[in-house]
Amino acid sequence: MSQTSTATTARPRILVSNDDGIFSPGIKALGLAMSEFADVTVVAPDVEQSAVGHGITIRRPLRFKHTAAAGFGDIPAYRVDGTPADCVVLGVQLLGRPDLVVSGINLGPNLGDDLTHSGTVAAAIEGLSLGLPSIAFSQQSGPDGEYDFAAGAAYAAKLARQVLAHGLPPRTLLNVNFPSRPASGVRVTAVGHHRWEDSVVTRQDPEGRDYHWVAGVSRAEDAQDERTDYGAVQSGMISVTPVRLDLTARDLLEQVEGYLPEV
């Protein structure tokens, strides 16, 4: 059975979130594009929450505040002093269940192993954990580090319409990545092997105490394989990856059972 819209009005309800914060140009472009055909509410972090993963705040209270200064016009927009997942929880619980959750458009792609720490993807994961169809959107920057979200936002609106019409399977989201240049096409892809090889840079502050920066180098052995998310985006295509939230290695169940020690 698919997660499908339960809307009874002509216009569906869409909750928009992200991890770059409520003042990001990416979420503004996404929210405005969705508002062309849906009743949109924006709930996003008050500050950048990149790479926080699927964290939920449980040891302190959260603030939920309407924010007209975010520039969404007539779209209700709220900021939360928490994680992207917090934003989706509060948005659903305080404002009512939407028909669709969309997250992004992220400043930078979320490909391969990035999915495990991406706050953008985590907002979509929280949506699907609540039984809602969910899509995460991210975009590669241009050579100068700048972004033009117009084409990506327009495609996001088209895809959202299709998901609202057809639904998604339970516990499945779509992870969408846009290339920096005008897309040459769109491809359904698999999660690739892109990863960051971490390193730690240690320096000293003015008082002689050590501090540490976690740095990294991007690696992707399958960079030329357009069947993967990384390869498709590198070749200038939009990557759409169905992601299922089922971490069970089902092909190993019997093998592991075979060598389990007795209690």
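The values are calculated or read from the model by the stated rules, or taken from the named source; none is laboratory data. Keep in mind that this is a model prediction, so the values were computed, not measured. Cβ coordinates were reconstructed from backbone atoms using ideal geometry, including for glycine residues, and neighbour counts include every protein chain displayed. Each accessible area value is taken on the protein alone, full model and side chains, heavy atoms only, with ligands, DNA and RNA left out. Shrake-Rupley method; radii C 1.70, N 1.55, O 1.52, S 1.80 Å.
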What whole number of Å gives the distance from the Cα centroid of the range 211-248 to the Cα centroid of the range 143-195? 13
If you average over every viewing direction, what projected area does the convex hull of the Cα atoms of the chain give, in nm²? 19.2
Any idea what the relative contact order of the chain is, in percent, if you count C-alpha pairs under 8 Å spaced at least 6 apart? 18
In the chain, once you exclude exposed trypsin sites (Lys or Arg not before Pro) (DSSP loop, at most 14 other Cβ within 10 angstrom), what's the longest stretch remaining? 64-170
Solvent-accessible surface (1.4 angstrom probe) belonging to TYR155, in square angstrom, nearest 10: 60
Per residue, how much accessible surface does the range 1-144 expose to a 1.4 Å probe? Answer in Å², no decimals. 41
For the range 16-154, what relative contact order do you get, as a whole percent, if you take Cα pairs closer than 8 Å and at least 6 residues apart? 29
For the range 51-66, in residue order, the Karplus 3J(HN,Hα) values (coefficients 6.51, -1.76, 1.60; θ = phi - 60°; whole Hz; Gly and Pro = x) are 6, 7, x, 9, x, 10, 7, 10, 10, 7, x, 10, 9, 10, 10, 5
If I compute solvent accessible area with a 1.4 Å probe over the protein chains, what percent of it on the chain is carbon and sulfur? 53
